[in-house]
Structures are given as structure tokens and as C-alpha cells.
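The values are calculated or read from the model by the stated rules, or taken from the named source; none is laboratory data. Just so we're clear, the structure is a prediction, and the values are computed from it rather than from any experiment. Keep in mind that these areas ignore ligands, DNA and RNA; they rest on the heavy atoms of the full protein, side chains included. Shrake-Rupley method; radii C 1.70, N 1.55, O 1.52, S 1.80 Å.
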Amino acid sequence: QRDKKAKAFYNSTEWQTARAAALARDTGIDVYLYMTEGAVVPATTVHHIVELREDYSKRSTLDNLISVSEATHEGVIRQAYSRPETKREMQRELREAVKNYQKVVGGQNEVFG
């Protein structure tokens, strides 16, 4: 159950804009799966690496968002976030995946752009 503040945010134009920006930056694919397995899977969800309840000020920060599939979000991420000791490690992995993916995409844009 999301709290009222989170629910209002997820229904806002601010979130729709941030979500669209993350999906565009990530070329609409599951960045985590691409960087860990080389699989190209469409992203259907944009995940907050640092969750809203942890730091609401990062709610629309692009560096705090990663595009993933529903399966990745509900499986790998949810499982890791269920325990404090694995949550921090997964957050680190997600930040690295975004950073490294940008290097891959940026390099392709330089070559093909």
C-alpha cells in the first residue's frame, strides 16, 4: 500500500515527465537485464533506485531512475530490496548499470549519430 503522498506523486505530471525521460534515456529497454545478461527486453516500469520513502527529494532525479521490465522489478529488485543487507548492494548495482549503459549508448550515438 502506497501512502497518499506517493500516490499523488505517481499520478502527477511531474512523475509522467520523469518516467518518460528515463524511458527515453534508456531507449525503452530493461537496463538491468541488458547490462547483466546482454538481453534486450522492453522496459515497462521505471524504478526508483533510492525509494520515495527513503528520500522523497530524489523522486524525479534522472540519476535515481532505471527502466526495467515488470519481471525484473517484481523479481530480482523486489527480492533484493526485501533485506537491508542486499538492498544497498542492489542499489549500487542499479546505479552502475545505468552509468555503464549510458557509456554504451553514448558510444553508439557518437558512431551512428
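On a straight-distance basis, which aspartates and glutamates could pair with residue 5 in a cross-link, Cα separation under 20 angstrom, same-chain partners fewer than 8 positions away excluded?
14, 51, 54, 55
Relative to the longest principal Cα axis of the chain, at what angle does helix 13-25 sit, 0 to 90 degrees, rounded to 10?
That works out to roughly 30 degrees.
Please find, in a Gaussian network model of the chain (springs between Cα atoms separated by less than 10 Å), the residue of 93, 51, 85 whose mean-square fluctuation is greatest.
85
Output the relative contact order of the chain, whole-number percent, from Cα pairs under 8 angstrom with separation of 6+ residues. List each step's numbers first, then the result.
Values: 122 pairs, mean separation 29.0, N = 113.
RCO, the chain: 26 percent.
With a 1.4 Å probe and every protein chain left in place, tell me how much accessible area residue 3 has, in Å² to the nearest 10.
Residue 3 has an accessible surface of roughly 90 Å² with all protein chains in place.
Regarding region 1-110, what are the three Cα extents along the principal axes, ordered largest first, in Å?
Extents along the principal axes: 42, 33, 21 Å.
Ignoring ligands, DNA and RNA, what percent of the accessible area of the chain is carbon or sulfur (1.4 Å)?
Within the chain, the accessible surface is 52 percent carbon and sulfur.
Which of the lysines could a cross-linker span from residue 7 if the Cα-Cα distance has to be under 16 Å and same-chain partners fewer than 8 positions apart are dropped?
58
Hey, what angle do you get for helix 84-112 against the long axis of the chain, alpha-carbon based, 0 to 90 degrees rounded to 10?
30 degrees
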